[in-house]
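Right, one structure below, let's go through it.
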Amino acid sequence: MTSNTTRAVRIEQPGGPEVMQLVPVQVGEPGPGQVRIRHHAIGLNFIDVYQRSGLYTLPMPLNLGMEGAGVVEAVGEGVTHLKVGDRAAYASHPPGSYSDVRVMPAMNVCRLPDAISFEEGAAMMLKGLTAQYLLKHCRPVEGLQAGDFVLFHAAAGGVGLIACQWAKALGLQLIGTAGSDAKCALAQANGAAHVINYNTEDFAARVKEITAGKGVKVVYDSVGKDTWDKSLDCLSPFGLMVTFGNASGPVPPFAPAVLAAKGSIYVTRQTLFSHITSRERTQAMADDLFGAVTSGQVKIHIEQRYPLEQVQQAHRDLEARKTTGSTVLIP
């Protein structure tokens, strides 16, 4: 391939994993506020599935991927926080990280500390920044103190394993759910105070048992439809339901009166990209994440690696719940 031709995973229309094709694309020079980055590793996330399937509607054709790490090759006018040769990592709009090289907005691209590998960087930015805003910015009206119970669904996933470790460091008692005993054991090994296999146990009943009937202050839920109703039953009065994903499908419409009946509870639908709308905020959140990782409080578990050419299989395995921890694609 010539220097301005690279490979990217593109879809022409929404669909299953088979719609993803690795195609040659042209990559030029970065414009004002942009950088060109050569990827060493690329993160795989459920948001990629939502965009590929059409659950999240985006213009077609679409290059996929929201997370990556690599080396800055060129810097556009006005970019002062990065220079050519910098190690860098990001979680960012627009999609396009499933590629060898890309030009992209520099705002959400952060310098990667030398102590963190490219694979760790690619595996931790979207998931780690998500865990950061959940635990630090999505708090109940009465706040969170050491010793408080929180419920975290999909605790053995990429976001979940980071959240288990970080919650423990913050002194929280995280109750983690997962779909198998092995995944529950993984969450517990990473700091979950209690674990529940929601395929074999009634998680709402177990939460009430663990909390002596009081419930949890917060539920963090990326599963969606399948866990929604019982999650509301897990909350203590004035508790907070944080929905941030739809792995089992979107939550159906509900009557606000339900919130009153369950204890005057709060509900919020969160997305990372509302939290990283400025260079300063992105960097502050990334610094917090980098500090948690370099201090050893949080370890990034990369359990699956696929060549970029095997992106279809990577999506199949993610959707079939065959993965644990984080997954990276290698260009």
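Just the number, please: percent antiparallel of the DSSP beta bridges in the chain, rounded to the nearest 5. Please report the intermediate quantities before stating the final value.
On the way: 31 of 57 bridges.
Around 55 percent antiparallel, to the nearest 5.
Per the helix-only calculation at 222 nm, which mean residue ellipticity applies to the chain, given -39500 (n - 2.57) for every DSSP H run of n ≥ 4 and division by its residues, nearest 500 deg cm²/dmol?
Details: 10 runs with 97 residues, N = 331.
That comes out to -8500 deg cm²/dmol.
Straight-line reach only, C-alpha to C-alpha below 28 angstrom: list the lysines that Lys230 could link to, leaving out same-chain residues fewer than 8 apart.
Lys127, Lys136, Lys168, Lys183, Lys208, Lys214, Lys217, Lys262, Lys322
What are the ³J(HN,Hα) couplings of the range 48-56, residue after residue, when phi is run through the Karplus curve with 6.51, -1.76, 1.60 and θ = phi - 60°? Round to Hz, x for glycine and proline.
So the J values, rounded to whole Hz, are 5, 5, 4, 6, 5, 7, x, 4, 9.
Against the longest alpha carbon principal axis of the chain, how many degrees, from 0 to 90 and to the nearest 10, is the axis of helix 158-169 turned?
Value to nearest ten degrees: 60.
How far is the Cα center of the range 3-42 from the Cα center of the range 268-331, in Å?
19 Å
Can you tell me which of Ile302, Ile37, Ile162 moves the most in a GNM of the chain? Springs connect C-alpha atoms under 10 Å apart.
It is Ile302.
Considering the convex hull of the alpha carbon atoms of the range 139-269, report its projected area averaged over all viewing directions, in nm², one decimal. Before the final figure, lay out the partial values.
Values: hull surface 28.0 nm².
Hull-based average projected area comes out at 7.0 nm².
Amide H to amide H under 5 Å from Arg7: which residues, 5+ apart in sequence or cross-chain, H placed 1.01 Å off N in plane?
Amide H to amide H, under 5 Å and 5 or more residues apart or across chains, Arg7 pairs with Val25, Asp100, Val101.
Return the aspartates and glutamates within reach of Lys83: Cα separation strictly under 12 angstrom, same-chain partners fewer than 8 residues apart disregarded; answer none if there are no such residues.
Glu73
Which whole-Hz ³J(HN,Hα) couplings does the range 101-107 yield from phi under the Karplus relation 6.51 cos²θ - 1.76 cosθ + 1.60, θ = phi - 60°, glycine and proline marked x?
Per-residue couplings from phi come out as 9, 8, 9, 7, x, 7, 4 Hz.
Each value in this text was obtained by applying a stated rule to the coordinates, not by laboratory testing. All values derive from a computational prediction rather than experimental measurement.
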